[in-house]
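A short write-up of the structure that comes next.
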Amino acid sequence: MKKIGQLTSRAVGLGCMNLSHAYGPATPAREASALLNQALDLGYDHLDTATLYGAGANETLLGQAVMHRRDEFLLASKCGMYIDPQGTKQISGDPALIRRQCEDSLRRLNTDVIDLYYLHRWDKTIPIEETVGELSRLVEEGKIREIGLSEVSATTLRKAHAVHPIGAVQSEYSLWTRNPEIALLDACRELNVTLVAFSPLGRGMLTGTLRDSQALADKDIRRAMPRFAERNFARNLSLIDGLQQQLDVWHAEGKLDINLAQLALAWLNSQQVELVSIPGTTNLDHLAQNIAASEVILSADMVAALDDLINHNRVAGPRYNAATQTEIDTEEF
């Protein structure tokens, strides 16, 4: 088990965003509810949502689908990034708004307390200390248990941690996104903060099933991401093919009997930091395979081979386009 402040979590949790947001049409409510309950049946004990996802619809889904099983899982949500009434994404760390969003989330989630509550994005117009100060008051009032930050630098983490202990930092981390290795992992080790890795499967790329980026749905957020652009996709796909070839060798040698997604999750679990990954899926088979990956152990030689095959020097294109890049605070290579 992994520690998140005073909480515990299995090494693999469930990111719920894609049930309502970002990757095409939302999953029908009945199917989404069945998947969430199946996740709990399989042993998932960490569900991750946010105010942003589906403009609150994702939180409402969880509130209706699984709160009768509230004692079975760590509930994580996020504030500070949201869709306004005009349908525009906004970022704000205003303390009054943070409090209001927390209260709205509690209502949508149909619960009295959120276990892990993140600032989804740091609003750079407001000192991080002010926003975390309000989150600390929500802890004191029993509305949230642990404070988290998302997409922040090591410097910002340290400033926030000086105001109130931070339980977790959520950042994109995977074989093909290594930015946390610049400074954030060291800060997490130093401060005893858990890293929660979102997009641990490279937004689907590390599964090996995405072969044509032009086939993505019109509203799929990956269409705006440089790594999935036509100019970069073929090169990135060749890296995945190389990964599959290496896995095939290990299969033939009798060393591993797993798929690419499980390999990517096992690589994360081998990192020398307290880490939880939160892959999302709408597929029941993948749901079972992902949590099973938490039991896979890679040798040091395997980890080194994977590091050589895919790393930040070999991946073509940045994570985000220029506009989205301004919203985050993470270190860049």
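Please treat every number below as a calculation from the coordinates, not as lab data. Nothing here was measured: the structure is a model prediction, and the numbers come from that model. Every residue, glycine as well, gets a Cβ built from its backbone with ideal geometry; the counts of neighbours run over all protein chains shown.
Each of Arg137 and Val249 was given a label point 7 Å from its Cα along the Cα-to-Cβ line. The distance between the two points is 5.8 nm.
The order of Ile83, Ile240, going from fewest to most other C-beta atoms within 10 Å of their C-beta, is Ile83, Ile240.
Past 21 Å, Cα to Cα, is the threshold; run Lys89/Lys143; Lys78/Lys143; Lys3/Lys124; Lys89/Lys219; Lys2/Lys124 against it and keep the listed order. Table pairs above 21 Å Cα-Cα are Lys89/Lys143; Lys3/Lys124; Lys2/Lys124. Each Cα pair under 8 Å and six or more residues apart adds its sequence gap; the mean of these over the residue count of segment 2-325 is a relative contact order of 20 percent.
Answer with a single label: of (i) 195; (ii) 126; (iii) 141, which was calculated as volume of the Cα convex hull per residue in Å³ from the structure in view? Correct label is (ii). Membrane-span-like helices in the chain (whole DSSP H runs, Cα extent of at least 27 Å along the helix axis, mean Kyte-Doolittle hydropathy of at least 0.5): none found. When you filter the GluC sites (Glu not before Pro) in segment 195-280 for DSSP loop state and at most 15 other Cβ atoms inside 10 Å of their Cβ, you are left with Glu253.
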